[in-house]
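Please read the structure below before turning to the comments.
Just so you know, all these numbers are worked out from the coordinates, no wet-lab data involved. Owing to the predicted nature of the structure, the values given are computational and were not obtained by experimental measurement. Cβ sites come from the backbone with ideal geometry, for glycine too, and all protein chains shown count toward neighbours.
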Amino acid sequence: MPVDETARTPQVQNSMSQTLFEKIVAREIPATIVYEDDLVLAFKDINPQAPVHILLIPKKPITRIGAAQAEDERVLGHLLLKAAEVARQSGIAESGYRLVFNNGRNAGEAVPHLHCHILGGRPMNWPPG
């Protein structure tokens, strides 16, 4: 369900170790939020690589997919289901879209908080990268 981010009260957490994405979840840094529920948050990428480029993150800080634990199974499954829902809401589901998870520096991971790139609105090349 889409969210009006202006209706939310910021949850301020003062921690120097917070990632950019944790600060977005806490509303310390603005973002164009397109979906939110109790487990995940989706927002437009500020440096889009496709006409539609949305980042979907778990609210629980998980460093990367390679660091996920068995207790993260519910949130990871939820994240994948919501990626499909966000793609539908963004109008890219029928023409096709790509989901990307980067794991580590050599894969292009820039923020150490698990996130799914939802990319669409144009043809994608294969192989990527």
Q: Could you list, in sequence order, all residues of region 36-61 that are farther than 10 Å from Ile118 by Cα, under 10 Å from the mean Cα position of the chain (by Cα) and surrounded by fewer than 20 Cβ atoms within 10 Å (Cβ to Cβ)?
A: Lys59
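Checking the condition surrounded by 12 or more Cβ atoms within 10 Å (Cβ to Cβ) and more than 29 Å from Ser17 (Cα to Cα), which residue from Arg64, Arg98 passes? If you could, list the steps in order and put the result at the bottom.
Working: Arg64 fails: more than 29 Å from Ser17 (Cα to Cα).
Answer to the check: Arg98.
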Q: May I ask you to list the residues in region 67-86 that are among the charged types (D, E, K, R), surrounded by 13 or more Cβ atoms within 10 Å (Cβ to Cβ) and either under 21 Å from Ala26 (Cβ atoms) or free of Cβ contacts under 8 Å to residues at least 40 places away in the same chain (or both)?
A: Asp72, Lys82
Q: Name the residue, out of Gly121, Gly91, that is touching a strand residue (DSSP E or B) at 6+ places or on another chain (Cβ under 9 Å) and loosely packed, with under 15 Cβ neighbours inside 10 Å.
A: Gly91
**Q.** Odd one out for Ala26, checked against (1) among the small types (Gly, Ala, Ser); (2) surrounded by 17 or more Cβ atoms within 10 Å (Cβ to Cβ); (3) over 15 Å from Cys116 (Cα atoms)
**A.** (2)
